[in-house]
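Accompanying notes for the structure given below.
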């Protein structure tokens, strides 16, 4: 049987369905532009086979293991290693069986669409995943993974990826990007500068990170100017490895524009580890504006991903560490928080700031009105928990009215699940085509415009916004 | 004429309509599971006839009298008794006439659907309620109420209620539940432990309530340990009267996890009535965590209904008392507020916390992400003002993406309007079937899954979550 | 070709489409009631020709120039005059060409619908506006503007406007309204009392305004009683110029109910310009309640338009002044903010308070529950950024459940773009008809009710609420 409906995510009424089909047909074969995500550059540098089905589908996917955990499956039983040395499952087939027997939990979720799409389109699976079919599908996927056409570079080419951006910390050696460049493979894998670990005074290793930052850059990161120079140096190195963008994941969207002397004094407090929580927040805020100023100089596109309450469960954080499904969105205020940065750089035609949100209430109230007037500001696509068919539709419905389409930047798959990349772009393209079809059927858009927009939303806006 | 459309609340497109009809047909005759509500156990204990149509449809229904009041009908004229001894309407027929002549105000509201459903399905009314038909319908309903088949127990059986939970305060004698148990009637009517009046230091009778609490339990409620013991004793008694759950209606979702000595000191401040507003809030917060810990011990499911600004109009509160339609939702923060309690009990497989909201913005941003990872946490259904067809649809659209279906708990009718219970479950079942149909038609769910889910959403999830 | 689809904004399913068409046919020719907006009374007083297409469509329309600015078109190039004396475009044809060549930016926005409607229905344009057609359409519109039937009074009559309210500041001479009354033209153009500039202590000219206020009213505006008397005097004058309403645009919805002596002391602080920001906010809050009390006396309907962060860009504000597209919505709290005013006047059957919001999250959570119980409180229609087809639909979906239709007040076009008035009412009427049709097709409303409601939503509710 087919796991996927050919008309999935298209409108129910015949006219809208016909239009959505035609629009989708016009863009379905366009290459994938992936300007923001978390794939591992080592995959493309080494081109080693992926290990096994569990390592591909379960252990790295926080959407998957958080859902299973919520229904009583222990993280250890999904192969996630506890810090305290206690036992955890190491048999990938057992992990896969647990996943398969709980697969019904994903009914109605985007993970279900992504996984069915990966299984059918990448691995040719034609059975519904369940406890009964677990072993058979495991064997089929595991067998595929041993074949050369399932190695990372072959999949990259098969997925028709034009360019993909990975995300590396400020202290990364970028060795894998080096290796890719030096190889005879022509896939375009670029990096992105993500300096949170040397910007956030609340990072557990902040102090050690600053030392490391000094060693890598040979700048004196104990002084404000030296610290800023270190950023400039690393941004330069990242650009040499293809980076066109920076990325910043802060608890809030707060920015600041302190006088130089105040900023320096604040840095001194922070670096001496005598800062208050408010000073830590203010330093992160000031650094967003410093990053914006550097972007004005070096042309790197700036992304802000704010609003996640990280590691909500202290128990899970202490036993398993970060990124274990316990990052929870919270309310985010953009209107006053972004103002200091926008005062500095918001009118600069050479500067681009792409803002994301985990607080959908900000789409219509704050983000679309801001992006609909500041030349530098663009709206990133529906993110994380909202990277679903309905989430994408809400994004369009709530932002287009005020910001139009041309203050948005196309789709981000934002994933570390490599095989889900085609699935995610497929969902985004379908939802956009369905939205365009609904604008036509409700008399708000002409067909010729919709076909042009379909191209723009799929490829052109992303290339333009990210300078690719 | 028929007041109700057979296809009400189903999708407009033919394929979706056909699917919704088939799904609904498969569950429409399942028994009603009502794990949370406010029916009066005296009805079932005494099995006396309901008094008259106004006492059944108008005076107890805050949805009804608030709407009429908003359009200029005095509360006195609807039979609501002022505290100051001034006159109020005592003729039920006059009250009914006022209600009927203003019935057009309910166009587009859930009350309209519920009332039409009750009139048609329970009383066989086939005319539209209005000023002109008021008397005729009054007579028809009043005449029915004199018949044995319209007494509470007969209606309970006719409504096909499998189990219904009432809600009683910590100081309740539970005499009606006793009487029901001792009767020869086999209807399952269980209680729920709702201790707000002995937990909230801002309750006007808090001090007297604590004394009463001591008398009932023979615990010393002037000490922290004695006070906690009194709760344990009452929970035990409630469990003996069938209770499987507790319920907590607090102004916010705040929880706290103080050290034992701090909690004791806080209790001493509170009990001596020398507390600040912040201490009152902190005490309520701490008590939610204490209740969670007791639930870990005794297995009672815990419900939190937060976020209502009670008695918004001081004039109406002073003249008519509480629960007069002036409880207004406000923003609620779950991410940081629930964290202390979840740190204590959120990973316990034997503990279930069902959280509700009056702030729909929290569905996708906070509640679904939390319920989608904490094993103990489940999402209660759309509540109060959002217990409408569109409110239920929004609930599914905004929570399913992240939490799936299996971290939700089925439907609550949550009503004191007995005759509306079948109507409310009918709406919930139809909306769920319409939502499932829309998932099928958009290629996100298979039909066999939808039929299984329809059963789960109607009966199984409620029974499992509430341990019924 | 036709720019507009006859069935625009109607439902996609055949039954809903048929119903929406029938409902719309029953109200499409009803006169326009425009109880709140910003047209210039001088147009109707002088009845001079409109200058040129750019002055009509571009320069006064902040929706238009903010979108163009967001995509890199300088405000100067759109004819907006800088304060610093630097150059700006004065050739209307050049401005029009820039607008036309960027017209694609408005795809999917309400501006697109309004402008296409104005071009086709008012000026008979049948080509799509673009860089290529810019000159031809410019000539066609410019030629029309020279004709007598395109003068303001003729358009007013052609638009079938029953009554239109303009908005004037407390210091306005109302000379144009005088002139209209004294003319032989019978169009009904009334004013509205908008006293923000003499109420807001943060207004840059507050002090000078108070002096001016004293001169106009011959009241001593240096004393609290004299200041209140000045308001009473001006309200009286505005009423004599047709005003039935006041309007208040504050940063928040905060109201206060201070004791008389506290209010007086606060006024003294404010008038001496020694106030803190909190005192300024408190003064605005207190003045809303004072305005409510005066409305109880003189019967003027009170409107509050809160929640805009004005002049977000300091650069644009300093170079171009206010109202340049940089007013951004922010979160607004109605539950506690409106309570002091509602305690004073919320139950008065002779008082009407119409509240608007830029924070859509308040519709279902706060505003509908408040308006669904307080007799004085009514909900204004979807406002500003939300005055779009989807915005209006969300307004109905989120407020009707709890407040019904009869606690809303019909449509406001709220515009200074005269030619867009028919377009905006057309959109509102279509969206309401589509919403009513969807209630019928989902079995929530009978057809006869929907036809009655269509009349109410189009004309009756506005006339009743605004006492027109």
Inset, instruction - Within the range B:41-73, find all residues whose amide N lies under 18 Å from a label point positioned 7 Å from the Cα of residue B:322 along Cα-to-beta-carbon. - result: B:41, B:60-63
Inset, instruction - Could you work out how far apart the two model spin labels at residue C:49 and residue C:184 are, taking each label as a point 7 Å from the Cα in the direction of the beta carbon, and quote it in nm? - result: 2.3
Inset, instruction - Treat the protein assembly as shown as a sphere of radius equal to its Kirkwood radius over Cα pairs and apply Stokes-Einstein at 20 °C in a medium of 1.002 mPa s; give the translational diffusion coefficient in µm²/s, rounded to a whole number. - result: 63
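When the gyration tensor of the range B:307-356 is built from Cα positions, what are the square roots of 5 times its three eigenvalues, in whole Å, from largest to smallest? Write out the running numbers ahead of the final one.
Values: eigenvalues 226, 28, 12 Å².
Over the Cα atoms of the range B:307-356, the ellipsoid semi-axes are 34, 12, 8 Å.
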Legend entry - Per-copy distances of the residue B:18 label point, shortest first, in nm (7 angstrom along Cα→Cβ): 2.0, 2.0
Legend entry - Alpha-carbon centroid distance for the pair the range A:75-154 / the range C:115-169, whole angstrom: 62
Legend entry - Peptide A:400-413, shielding by other chains (average Cβ, 10 Å cutoff): 5
Legend entry - Reduced Cα scattering model of the range B:372-412, Debye log10 I(q)/I(0), q = 0.19, 0.23, 0.26 Å⁻¹: -0.51, -0.73, -0.89
Inset, instruction - Please report how far the C-alpha centroid of the range C:368-398 lies from that of the range A:25-40, rounded to the nearest whole angstrom. - result: 40
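Tell me, what is a quarter of the convex hull surface for the C-alpha atoms of the range A:201-344, in nm² with one decimal?
Details: hull surface 37.5 nm².
Hull-based average projected area comes out at 9.4 nm².
So for the range C:51-147, what are the equivalent ellipsoid semi-axes in whole Å, largest first, each being the square root of 5 times an eigenvalue of the Cα gyration tensor?
Numbers: eigenvalues 90, 51, 25 Å².
Its equivalent ellipsoid spans semi-axes of 21, 16, 11 Å.
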Legend entry - Label spacing, shortest first and in nm, from residue A:135 to its equivalents in the remaining copies (7 angstrom along Cα→Cβ): 7.9, 7.9
Inset, instruction - Please work out the FRET efficiency for the pair residue C:90 and residue A:154, using the Cβ-Cβ distance as r and a Förster radius of 56 Å; give the result to the nearest 0.05. - result: 0.35
Inset, instruction - Show that you can apply the helix-only estimate: for chain C, add -39,500 (n - 2.57) for every DSSP H stretch of four or more residues, divide by all residues, and state [θ] at 222 nm to the nearest 500. - result: -13500 deg cm²/dmol
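From the alpha carbon gyration tensor of the range C:1-94, can you work out the equivalent ellipsoid semi-axes (sqrt of 5 times each eigenvalue) and give them in Å, largest to smallest? Present the calculation step by step, with values, prior to reporting the outcome.
Values: eigenvalues 276, 82, 30 Å².
Ellipsoid half-lengths, sorted descending, are 37, 20, 12 Å.
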Inset, instruction - Mind putting together the pair-distance distribution for the range B:268-358? All Cα pairs, 10 Å bins, whole percent per bin, short to long. - result: 14, 34, 36, 14, 2
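Could you give the C-alpha radius of gyration of the range A:126-263 expressed as a fraction of 2.2 N^0.38 Å, taking N as the number of residues it contains?
Values: Rg = 20.9 Å, N = 138, 2.2 N^0.38 = 14.3 Å.
Relative to the 2.2 N^0.38 Å estimate, the range A:126-263 comes out at 1.46.
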Inset, instruction - Taking just the C-alpha trace of the range B:367-468, give me its Rg and Dmax in Å. - result: 13.2, 40
Inset, instruction - Every other copy gets compared here: list the nm distances from the residue A:82 label point (7 Å along Cα to Cβ) to its counterparts, shortest first, one decimal. - result: 6.7, 6.7
Legend entry - For residues of B:432-444, the mean tally of beta carbons on other chains within 10 Å: 4
Legend entry - Kirkwood hydrodynamic radius (C-alpha pairs) into Stokes-Einstein, chain C, 37 °C and 0.692 mPa s, D in µm²/s: 140
Legend entry - Sorted by Cβ density within 10 Å, fewest first, the residues B:218, A:217, A:222: B:218, A:222, A:217
Inset, instruction - Report the label-to-label distance for residue B:233 and residue C:467 in nanometres (one decimal), using points 7 Å from each Cα along the Cα→Cβ vector. - result: 6.1
Inset, instruction - Determine the relative contact order of the range B:50-150: mean sequence separation of Cα pairs under 8 Å and six or more apart, normalised by residue count, in whole percent. - result: 28
Inset, instruction - Kindly provide the pair-distance distribution of the range C:353-393 built from C-alpha pairs, with 5 Å bins from 0 and whole-percent values in order of increasing distance. - result: 6, 25, 31, 23, 11, 3
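Sorting C:15, A:324 on the 10 Å Cβ count, fewest up front, what's the list?
Working: C:15 12, A:324 20.
By the 10 Å Cβ count, ascending: C:15, A:324.
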Inset, instruction - Taking the convex hull of the Cα atoms, report for the range A:157-221 its projected area averaged over all directions, in nm². - result: 5.6
Inset, instruction - Grab the beta carbon distance between residue A:343 and residue A:132, set R0 = 56 Å, and tell me the FRET efficiency rounded to 0.05. - result: 0.40
Inset, instruction - Please report C:392, C:287 as a ranked list, fewest other C-beta atoms within 10 angstrom at the top and most at the bottom. - result: C:392, C:287
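With r as the distance between the Cβ atoms of residue B:264 and residue A:203 and R0 = 41 Å, compute the FRET efficiency 1/(1 + (r/R0)^6) and round to 0.05.
Details: r = 37 Å, r/R0 = 0.91.
Taking R0 as 41 Å, the efficiency between residue A:203 and residue B:264 is 0.65.
Just so you know, all these numbers are worked out from the coordinates, no wet-lab data involved. Keep in mind that what you see is a predicted model, and the values were worked out from it rather than measured. A quick note on method: Cβ atoms are made from the backbone with ideal geometry, for glycine too, and the neighbour counts reach across all protein chains shown.
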